[in-house]
Amino acid sequence: MKIVVILPTYNERENIVLMIRALQEQFAAIPHDMHILVVDDNSPDGTADVVRAEAPAWPNLHMITGTKQGLGAAYIRGMKHAIEQLKADAVMEMDADFSHKPVDVPRLIAALDEGADFAIGSRYVPGGKIPDEWSFLRRMNSKWGNVFARYVAGMYMVRDCTAGFRAIRTSLLGKIDFDTLRVRGYAFQIALLHEAILNHAVVREVPVEFVDRTRGETKLGLSDIIEFMLNAWWIRFERSKTFLKFGVVGASGVAVNLVSFTVLMNMGLNKFIASPLAIEVSIITNFVLNNYWTFSQRDMNDRIHIRGLKFNMVSFVALAVSYSTFLLLSALDPSGIPQVHQAIGIVPATLINYFLNSYWTFKE
């Protein structure tokens, strides 16, 4: 099997030659045709120059250059080159700054040998580790950023969705249209993983220790974080069939809610009593539709009456949010249209309903 380790670089002059030599040491013990592809974004510090100087010593060392467009753009450029020009059977994503240990490369490749299509060097499975010296804030940023990716993008079966240390079969990459990913920066990591899962890839997580760089500066910026968060939501809203079905059911629930609310008020009920009653009617219709349509493909162990109980418990939380919003708007705008206040209160309640029901009530 021909495997190409892709190293995207921007101002990594201090690290790149050391990384190349460290990888070559590991290659000696790997029973595959191993190559290195440096993808340099025209680094002003001369990274490409030192790679060119090192190249004569290693026939398996390759490099392509281009303008700086982000981590994801560099990986896409590198993967296309590895597949089309180097005829790779698998590629590896890896940082050039020693945040990912070269000694872990054989273990990720072993996961491919054992049948994986997509092997992840994971920090968040047993045996994985992040730096002890990280501050509480940085630990929470890393942990909850990953949780955000897992649950918002719907990849909760993977513990480390944001890892940048991976081994991937090119037969899998051939099923993915890179142009549709629409990401340039760090968000590429979750976008590619999501596409792999949609294509029924066998994903394995291999525990690794992530290490802080000791030379050079980190390239992760605020724009990368914003793109990452927006892309996670894009995946959820644009590509999740389950969420789209839930949205349709939610829309029908809105109609049931507002019609019931109007009917109850026309019957003479006070609006503060009609509001929670209308919400409860919509809860019942939403459960029936979600159970027999939205989540019908899931293999759920709970019996229907247990799911119904859970759904109602979640709905009470949503009811509290919706009704509190209704009361707040009514107090702030006493002369306003009650139906408008009721409709606005439905929005936060719907989001809470989806996440709690998807990951608890109708969990596989």
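The values are calculated or read from the model by the stated rules, or taken from the named source; none is laboratory data. Predicted model, so just to flag it, every value in this text is computed and none were measured. All Cβ positions, glycine included, derive from the backbone under ideal geometry; neighbour counts span all protein chains shown. The accessibility values were calculated without ligands, DNA or RNA, using every heavy atom of the protein model including side chains. Shrake-Rupley method; radii C 1.70, N 1.55, O 1.52, S 1.80 Å.
Within the stretch 164-178, work out how many residues are among the aromatic types (Phe, Trp, Tyr) and more than 14 Å from Leu112 (Cα to Cα).
The total comes to 1.
Is it the case that His100 is within 27 Å of Ile176 (Cβ to Cβ) and surrounded by fewer than 21 Cβ atoms within 10 Å (Cβ to Cβ)? Can you show your working first?
Working: within 27 Å of Ile176 (Cβ to Cβ): yes; surrounded by fewer than 21 Cβ atoms within 10 Å (Cβ to Cβ): no.
In short, no.
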Meets criteria (of a type in the set (S, T, N, Q) and surrounded by fewer than 17 Cβ atoms within 10 Å (Cβ to Cβ)) for Asn42: yes
Asn11 - would you say it is in a loop (DSSP other than H, G, I, E, B) and surrounded by 15 or more Cβ atoms within 10 Å (Cβ to Cβ)? yes
I need the full set of residues from the stretch 244-265 which are over 33 Å from the mean Cα position of the chain (by Cα), open to solvent by less than 40 Å² (accessible area, probe 1.4 Å) and closer than 21 Å to Asn357 by Cβ, in order please. Asn257, Ser260
Listed residues Lys80, Lys68; which is assigned to a loop (DSSP other than H, G, I, E, B), surrounded by fewer than 18 Cβ atoms within 10 Å (Cβ to Cβ) and of a type outside the set (Gly, Ala, Ser)? Lys68
What do you reckon, is Ala119 touching a helix residue (DSSP H, G or I) at 6+ places or on another chain (Cβ under 7 Å) and crowded, with 16+ Cβ neighbours inside 10 Å? yes
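Report yes if Asp177 is more than 20 Å from the chain's Cα centre (by Cα), open to solvent by 60 Å² or more (accessible area, probe 1.4 Å) and at pLDDT below 90, otherwise no.
For Asp177, the condition - more than 20 Å from the chain's Cα centre (by Cα), open to solvent by 60 Å² or more (accessible area, probe 1.4 Å) and at pLDDT below 90 - is not met.
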Residues that are open to solvent by less than 70 Å² (accessible area, probe 1.4 Å), at pLDDT 85 or above and touching a His at 6+ places or on another chain (Cβ under 9 Å): does the stretch 313-325 have at least one? yes
Return the pair list, or none, for Cβ contacts closer than 7 Å from residues in the stretch 316-341 that are in contact (Cβ under 8 Å) with a residue 24 or more places away in the chain to residues that are open to solvent by 30 Å² or more (accessible area, probe 1.4 Å) and among the basic types (Lys, Arg), at least 6 apart or on different chains. Pro338/Lys271
Report, by residue number, each residue of the stretch 162-172 that is closer than 17 Å to Ala111 by Cα and outside any strand (DSSP E or B). Ala163, Gly164, Phe165, Thr170, Ser171, Leu172
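Can you tell which of Ile283, Ile306 is surrounded by 17 or more Cβ atoms within 10 Å (Cβ to Cβ) and either touching a Gly at 6+ places or on another chain (Cβ under 7 Å) or part of a helix (DSSP H, G or I) (or both)?
Only one candidate qualifies: Ile283.
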Index of the failed condition, Leu289 passing every other in (1) surrounded by fewer than 16 Cβ atoms within 10 Å (Cβ to Cβ); (2) part of a helix (DSSP H, G or I); (3) of a type outside the set (Gly, Ala, Ser): (1)
Which one of Leu192, Leu172, Leu112, Leu137 is at pLDDT below 95 and open to solvent by less than 20 Å² (accessible area, probe 1.4 Å)? Leu192
